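Each value in this text was obtained by applying a stated rule to the coordinates, not by laboratory testing. Keep in mind the model is a prediction, meaning the values are calculated, not measured. Glycine gets a Cβ as well: all are built from the backbone with ideal geometry, and neighbour counts include every protein chain shown.
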């Protein structure tokens, strides 16, 4: 017993010294990620002020910020962002939920895997952008085909990783659940899903990325609102600063949604040996 | 009471059927502590899996209280060589597993068991934060919560270092004396078999069968260094050396 406690104490001690080493460096951890963007922005602004770059090709950061602010004030920003968020969110929910259900289904049953998985794996290899013309022919350029395209893109990562996670549930733990007489429902909720959770969350993160990518594509193929439309529209009128605003918006929202999934991971995967945070 | 009569078990192998267990006869009274020892391939683990109900493809009679064993269940607790805890659950939730800690009775029993296996203060720890011995104690508590009729232990301390193993053996005897659970304990460690068991079952390979059963008439707690312990150890060792060694090339791990 006492040897065990000593071992545990030593581990905690190791963690403590890592913290103090960080303090010694003098800069909070989160600040490191900002070093390069700040330097780049500084150089860029300086180059613009000195007239080294053309304002129509590469507007100064201050001008982009100004355009950003203007769009916020006149309400265009809210309109475009909310239109995009509804599209991306709807498509992601539809595709992700289908992927999760089908992934669990084919992961559990040999029969389901043999019949369904080969077809899904084949479809997965088709570049999604190649099916856009088909979607336009079938459903037009309306909202439905956009949401469907995003759903399709976010389906595959979730499906693939859920399937993998369910498959990789430990046979040895399965034997334990047989001895403990788990019900079928408990087997699913207390063994298979928790065991697959690291993979499922990875799939969700990849599919969030995919849904933003396809959102941009879908909105550029024709829309009346949305961040992608805003970029396309600004290009037509040569408003490079607004194009930059759109790109920055994608970056911000993408980072935000990624952080959200990471937060969920930190909450639910702290048990995982391989999880590094 | 556990009754095993004319138990035979064969495995299908590419080179033909292999007889894993041949004509096993054994009676275990309620509350007894039986240890099984033998070289690898003698079928001791297979025997344990059959009693657990994890392996039902056998011939003969295996009955617990007159009822044939048809599948695994909480009445036949099983401790594997690895603790096999759910890595995503804390210690207390691992012990409760599919039972709810929200239930006051379960909660109270889990707390008692944590006390019994001496893990107070580690209720909220995850398995990755535990040492091997602590994790194995959680596994034992998880089995005991189900109040098993019989506890089957398959080399449970085999992966632990010598000090932890000694401590775990004493802890297990404590638990046994408090819970009066029947224990079937498979090991390849001679000292462990004599230290723990009221009876030591010596098994022999090719085909796996019971060579001899030795009564260990020593009161608990036993002193490993005592003269009578050493005498009994020699007696078991004497029996043990009669066991024909398989050809060197086929020799696996274990003794």
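Brief remarks on what is shown
- GNM result for chain B, Cα springs below 10 Å: residue of B:139, B:171, B:162 fluctuating most strongly: B:162
- In degrees, nearest ten, helix A:76-108 long axis to first principal axis of chain A (Cα): 20 degrees
- Share antiparallel - DSSP beta bridges, the protein assembly as shown, percent rounded to 5: 55 percent
- Rg to Rh, two decimals, where chain B supplies the alpha carbon set and Rh follows Kirkwood: 0.97
- Between the C-alpha center of region B:1-24 and that of region A:148-217 there is a gap of 40 Å.
- Taking 7 Å steps out from each Cα toward its Cβ at residue B:162 and residue B:63 produces label points 4.6 nm apart.
- Sorted by Cβ neighbour density within 10 Å, fewest at the top, the residues B:1, B:203: B:1, B:203
- Distance between the modelled labels on residue A:185 and residue B:3, one decimal in nanometres: 3.9 nm (7 Å Cα→Cβ projection).
- Estimated from the Cβ-Cβ distance and a Förster radius of 56 angstrom, the FRET efficiency linking residue A:270 and residue A:235 is about 0.80.
- Top of A:252, A:43, A:197 by mean-square fluctuation, Gaussian network on chain A, Cα under 10 Å: A:43
- Burial ordering of A:81, B:19, fewest other beta-carbon atoms within 10 Å first: B:19, A:81
- Measuring between their Cα centroids, region B:33-58 and region A:57-136 lie 54 Å from each other.
- Taking label points 7 Å from Cα along the Cα-to-Cβ direction, residue B:128 and residue A:29 give a separation of 1.4 nm.
- Evaluated at q = 0.13, 0.16, 0.23, 0.27 Å⁻¹, the base-10 log of the normalised Debye intensity for region A:107-183, with identical point scatterers placed on the Cα atoms, takes the values -0.58, -0.74, -1.08, -1.21.
- Entry note, region B:88-147: relative contact order of 49 percent, from Cα contacts under 8 Å with a spacing of 6+ residues.
- The residues A:69, A:34, when put in order of fewest to most other Cβ atoms within 10 Å, stand as A:34, A:69.
- The C-alpha radius of gyration of region A:37-161, expressed as a fraction of 2.2 N^0.38 Å, stands at 1.58.
- Percentage of interatomic Cα-Cα distances in region B:88-147 larger than 18 Å: 20 percent
- From the alpha carbon centroid of region B:139-218 to that of region B:81-100 is 22 Å.
- With 5 Å bins beginning at zero, the pair-distance distribution over Cα atoms of region A:186-277 amounts to 3, 12, 17, 17, 13, 10, 9, 8, 6, 3, 1, 0 %.
- Rg [Å, one decimal], Dmax [Å, integer] - chain A, C-alpha atoms: 24.1, 76
- With all pairs of different C-alpha atoms in the average, the Kirkwood value for the hydrodynamic radius of the protein assembly as shown is 28.4 Å.
- A Förster radius of 51 Å, combined with the Cβ-Cβ distance separating residue B:81 from residue A:255, puts the computed FRET efficiency at roughly 0.65.
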